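Undergrad: One structure, as structure tokens, below. Some questions next.
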Amino acid sequence: VGQALQQLRRRTGQHWRVLNLSVSGALIRDVVGEQLPLLPTTPDLVTCGIGANDILYSAPGKLFSDMRALLAAVPDRTVMLDLPLLAGSWWIVGRMSVPYITRINRVIYEVATDRGLPVAEVSAQFTPPWTGKFACDSFHPSQDGYRDWTRALLAALPAA
């Protein structure tokens, strides 16, 4: 989001107030329960990329229920980020997770479309080759990886 903010300010010459609904290590229900109730007046741009931790720590039914609740509760015009498809990454776990993440992304797109929310296609931008795209924890993107996410986010912004 920081990279996107810099590019938006540079491209438009405007001061942008951006709020990203997500925290490293958070679950979807954390965003719904802790971040959404504290939303200040609507910033110029709200982004929301969440769900990867839920894959590891939430049962599928809970994850899908929480994702639908989140998508119903985010402010209008929030740009949602889909989840990356980590085929060929994370060893065997990445390949096995692709069908599940594809289902999660389908829910994001369906509910976001119903609400008229744009979706940043991280899954189409954050792709192999993976070398250099992950931080030292081998889970979160590196600055190079986040460039792919930034490209997806900027492409999803409405023209206005």
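The values are calculated or read from the model by the stated rules, or taken from the named source; none is laboratory data. These numbers were taken from a predicted model, which means no experiment stands behind them. Methodologically, a virtual Cβ is constructed for each residue, glycine included, from the backbone with ideal geometry; neighbour enumeration extends over all protein chains shown.
Undergrad: Restricting attention to the range 118-155, which residues are small (Gly, Ala, Ser) and touching a Leu at 6+ places or on another chain (Cβ under 8 Å)?
TA: At the first step, the residues of the range 118-155 found to be small (Gly, Ala, Ser) are 120, 123-124, 132, 135, 138, 142, 145, 152, 155.
Matches in the range 118-155: Ala120, Ser123, Ala152.
Undergrad: Would you tally the residues in the range 111-142 being of a type in the set (Asp, Glu) and surrounded by 13 or more Cβ atoms within 10 Å (Cβ to Cβ)?
TA: Narrowing the range 111-142 to residues of a type in the set (Asp, Glu): 114, 121, 137.
Within this subset, residues satisfying the condition of being surrounded by 13 or more Cβ atoms within 10 Å (Cβ to Cβ) are 121.
Result for the range 111-142: 1.
Undergrad: When the residues of the range 137-160 are filtered to those that are among the hydrophobic types (A, V, I, L, M, F, W, C) and part of a helix (DSSP H, G or I), which remaining residue is farthest from Val79 (Cα to Cα)? Outline the logic, then answer.
TA: Kept after step one, since they are among the hydrophobic types (A, V, I, L, M, F, W, C), are these residues of the range 137-160: 139, 149, 152-157, 159-160.
Of the ones still in play, those that are also part of a helix (DSSP H, G or I) are 149, 152-156.
Numbers: Trp149: 12, Ala152: 10, Leu153: 8, Leu154: 10, Ala155: 11, Ala156: 7 Å.
The residue in question is Trp149.
Undergrad: If you take the residues in the range 55-92 that are acidic (Asp, Glu) and modelled with pLDDT of 95 or more, which one is nearest to Gln35 (Cα to Cα)? Before the answer, list the steps.
TA: Within the range 55-92, the subset acidic (Asp, Glu) is 66, 76, 82.
If we keep only those that are modelled with pLDDT of 95 or more too, we end up with 66, 82.
Values: Asp66: 14, Asp82: 19 Å.
So the residue we want is Asp66.
Undergrad: Additional query: When the range 1-46 is examined, which residues are found to be among the polar types (S, T, N, Q) and either over 18 Å from Val107 (Cβ atoms) or touching a His at 6+ places or on another chain (Cβ under 7 Å) (or both)? Don't jump to the end; show me each part of the working.
TA: Pass one, the range 1-46, residues among the polar types (S, T, N, Q): 3, 6-7, 12, 14, 20, 22, 24, 35, 41-42.
Listed by number, the residues that qualify are Gln3, Gln6, Gln7, Thr12, Gln14, Asn20, Ser24, Gln35, Thr41, Thr42.
Undergrad: Scan the range 1-47 for residues that are within 28 Å of Tyr57 (Cβ to Cβ) and among the acidic types (Asp, Glu) and report the count.
TA: Adding up the residues that qualify gives 2.
Undergrad: Follow-up question, since we're still on this one. Can you tell me which condition Arg95 does not meet? The list is (1) farther than 30 Å from Pro129 by Cβ; (2) surrounded by 14 or more Cβ atoms within 10 Å (Cβ to Cβ); (3) at pLDDT below 95; (4) charged (D, E, K, R), and all the others hold.
TA: (1)
Undergrad: From the residues in the range 97-136 that are among the hydroxyl-bearing types (Ser, Thr, Tyr) and part of a loop (DSSP other than H, G, I, E, B), which one is nearest to Leu86 (Cα to Cα)? Can you show your working first?
TA: From the range 97-136, those among the hydroxyl-bearing types (Ser, Thr, Tyr) are 97, 100, 102, 109, 113, 123, 127, 131; that's our starting set.
Next cut, part of a loop (DSSP other than H, G, I, E, B) only: 127, 131.
Working: Thr127: 8, Thr131: 13 Å.
Only one residue fits best here, namely Thr127.
Undergrad: I need the helices (runs of 4 or more DSSP H) fully contained in the range 1-92, keeping only those with at least 2 residues that are of a type in the set (Ser, Thr, Tyr) and crowded, with 19+ Cβ neighbours inside 10 Å.
TA: Values: elements: 2-12, 52-57, 60-73.
In the range 1-92, no matching helices (runs of 4 or more DSSP H) lie anywhere.
Undergrad: Just to be sure before I move on: is Arg77 more than 13 Å from the chain's Cα centre (by Cα) and on the phi > 0 side of the Ramachandran plot in the structure I sent?
TA: Details: more than 13 Å from the chain's Cα centre (by Cα): yes; on the phi > 0 side of the Ramachandran plot: yes.
For Arg77, the condition - more than 13 Å from the chain's Cα centre (by Cα) and on the phi > 0 side of the Ramachandran plot - is met.
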